[in-house]
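Take a look at the structure below.
The values are calculated or read from the model by the stated rules, or taken from the named source; none is laboratory data. For clarity, every value in this text was computed on a predicted model and none was experimentally measured. Cβ atoms come from the backbone with ideal geometry, glycine included; neighbour counts cover every protein chain shown. Accessible surface is based on the protein model in full, side chains and every heavy atom, while ligands, DNA and RNA are left aside. Shrake-Rupley method; radii C 1.70, N 1.55, O 1.52, S 1.80 Å.
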Number of protein chains: 2
Amino acid sequence: MIKMYDLAGENPDRRFSPFCWRTKMALAHKELEFETIPWRYYDKPKIAFAGADRVPVIVDGDLPVADSWKIATYLEDTYVERPSLFGGVHARAAARFVNSWADTVLNPLLARLLVLDILDHLDPADKAYFRESREKRVGMTLEAFAADTAGNIKALRSALEPLRATLATQPFIGGDSPLYSDYIIFGSLHWARSIGRTRLLETNDPVEAWRERLADEFGGMARKAPGYW
Amino acid sequence: MIKMYDLAGENPDRRFSPFCWRTKMALAHKELEFETIPWRYYDKPKIAFAGADRVPVIVDGDLPVADSWKIATYLEDTYVERPSLFGGVHARAAARFVNSWADTVLNPLLARLLVLDILDHLDPADKAYFRESREKRVGMTLEAFAADTAGNIKALRSALEPLRATLATQPFIGGDSPLYSDYIIFGSLHWARSIGRTRLLETNDPVEAWRERLADEFGGMARKAPGYW
């Protein structure tokens, strides 16, 4: 069975990393059995064997694979007889654009909205590291970074317009059924739902309906995980 | 031979519509012979037969097809033996996300940077219509809409980060060679180059190198068209 190191809060069942959610949806899509190991930031030595200092990390047999994109392409190329995650080489290339959009546009907006909730849910032993490393990264206090919640929610909803427009013409980014491109963005929104106390999308937003459909996939795997909405 | 109605300025050779450039690149990719008919906004009656009031409109034999996305899918599904524009059904679905991103994020930013240059290049008979219809759409004078050029250039360069990140790992959105997803965004940047006097991207930007590669495709079709950079 594949093992996966999965970012957890003080509650070991609270799994919130957007990148880890990409990987869990990918593993489930591939119909691969896997078990997750709760991982905290102080557990960096536990994944050093994989050459990584961040999760997700999977271990398939003896082989470690780190980085959500590398894991997705590893699974696709290793388990070719299983349902395709990308739907072909050209769709894989296009998924890279979706991945880049999520990493450079969507996640930075969500980070502002979630950073204080993340801090609040972390294992006590992770809190000082998280605050120090993130404040260094963003160049200000986390409280300053998270200020203007209303403005950040507005910016988030506006930034989702490309997805909203896509969903006006088809049920998933993958087409008639979800593919890894869907899981990429779902991971970001499920991050928000798993650790953020504030509902960020309007309930009548087509993006929210799409998120709910994906939460129901794989027997409701994502929906069953602890979260707020 | 396929006929295409193509937005033109006072100079009938100045073709600048981003949507028309998508279609011209698609026709060339499909190795289809086509001739363009310069079209101005006052020519709306000339495309009414196609049920359209905007270009691109193509006429293939007796069949008119309007709307750049519909034209691309028409060409793909009609000329199946020609080089694929999408690279499969799932890549076509993902291209819809790229199309939505260009339409909702990229083009509105470019519109602010180009609107006064467009006005300046239009046929005199088009200018009053253009100003009135666009000022109604944006709810302000075109001069107010175009204010803050420096800020708009900064926003544009930042908005292109998902493409820049994608190009850090592969030469085209389509993968090793360009597909319609590339032509979508190329059309927007070639719009800027065809009618805008201000160079908008830094010459060492990987997006600019990608744009130049696409301008060289099909015997330099796009590069040969009138433009400023």
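General observations
- For segment A:132-203, radius of gyration divided by Kirkwood radius, i.e. Rg to Rh on alpha-carbons: 1.05
- Exceedance of the 19 Å cut-off in Cα-Cα distance is limited, within the set A:Lys3/A:Lys24; A:Lys154/A:Lys224; B:Lys3/B:Lys46; A:Lys30/A:Lys70; B:Lys44/B:Lys127; A:Lys24/A:Lys70, to A:Lys154/A:Lys224.
- Annotation for A:Thr198, label-to-label distances across the other copies: 3.4 nm (shortest first, one decimal, point 7 Å from Cα along Cα→Cβ).
- Once the 1.4 Å probe is applied to the protein heavy atoms, the protein assembly as shown comes out at 41 Å² accessible per residue.
- P(r) for segment B:87-213, from all Cα pairs and a bin width of 5 Å, is 2, 10, 19, 21, 18, 12, 10, 6, 2, 0 %, short bins first.
- Across segment B:50-61, coupling constants 3J(HN,Hα) worked out from phi with the 6.51/-1.76/1.60 Karplus curve, θ = phi - 60°, read 8, x, 10, 10, 9, 9, x, 10, 10, 10, 10, x Hz, and Gly and Pro carry x.
- Remark: accessible area buried at the B-A interface is about 2100 Å², both chains counted, probe radius 1.4 Å.
- Alpha carbon centroid spacing (whole Å) that separates segment A:201-226 from segment A:112-152: 26 Å
- Built amide H within the under 5 Å cut-off of A:Leu7, gap 5+: A:Ser17, A:Trp39
- Each Lys and Arg contributes +1 and each Asp and Glu -1, all at the Cβ; summed about the Cα centre of segment B:81-141, the dipole is approximately 260 debye.
- Accessible area in the full protein assembly, largest first, 1.4 Å probe, for A:Ser194, B:Ser177, B:Ser158: B:Ser158, B:Ser177, A:Ser194
- For A:Arg82, the point set 7 Å out from Cα toward Cβ sits 3.9 nm from its twins in the other copies, listed from shortest up.
- The alpha carbon convex hull volume per residue for the protein assembly as shown rounds to 155 Å³.
- In segment A:141-175, the residues whose accessible area drops by at least 40 square angstrom when the other protein chains are added to the isolated chain are A:Pro162, A:Thr166, A:Ile173; the probe is 1.4 Å and only protein heavy atoms count.
- Contact with the other protein chains removes 10 Å² or more of accessible area, compared with the isolated chain and a 1.4 Å probe, from these residues of segment A:98-122: A:Val98, A:Ser100, A:Trp101, A:Thr104, A:Val105.
- For A:Ala209, inter-copy separations between label points set 7 Å beyond Cα along the Cβ vector come to 4.4 nm, shortest first.
- Using θ = phi - 60° and Karplus 6.51 cos²θ - 1.76 cosθ + 1.60, couplings along segment B:133-144 (whole Hz; Gly, Pro as x): 5, 6, 5, 5, 5, 9, x, 6, 5, 5, 5, 5
- Taking the Cα centre of segment B:82-229 as origin and assigning +1 to Lys and Arg Cβ atoms and -1 to Asp and Glu Cβ atoms, the resulting dipole is close to 200 debye.
- To put it simply, the accessible area of the protein assembly as shown at a 1.4 Å probe is 52 percent carbon and sulfur.
- Computed label-point distance, nm, for sites B:Asp62 and A:Ile37 using a 7 Å Cα→Cβ extension: 7.0 nm
- When the convex hull of its Cα atoms is viewed from all sides, chain B shows a mean projected area of 12.0 nm².
- Debye-formula intensities of segment B:27-68, expressed as log10 I(q)/I(0) at q = 0.18, 0.25, 0.29, 0.30 Å⁻¹, are -0.53, -0.94, -1.15, -1.19 (one equal scatterer per alpha-carbon, no solvent).
- A simple charge model with +1 on the Cβ of Lys and Arg, -1 on the Cβ of Asp and Glu and nothing else charged puts the dipole of segment A:1-96 at about 360 debye relative to its Cα centre.
- Residues of segment B:75-97 that lose at least 40 Å² of accessible area (1.4 Å probe, protein heavy atoms only) when the other protein chains are present, relative to their chain alone, are B:His90, B:Ala93, B:Ala94, B:Arg96, B:Phe97.
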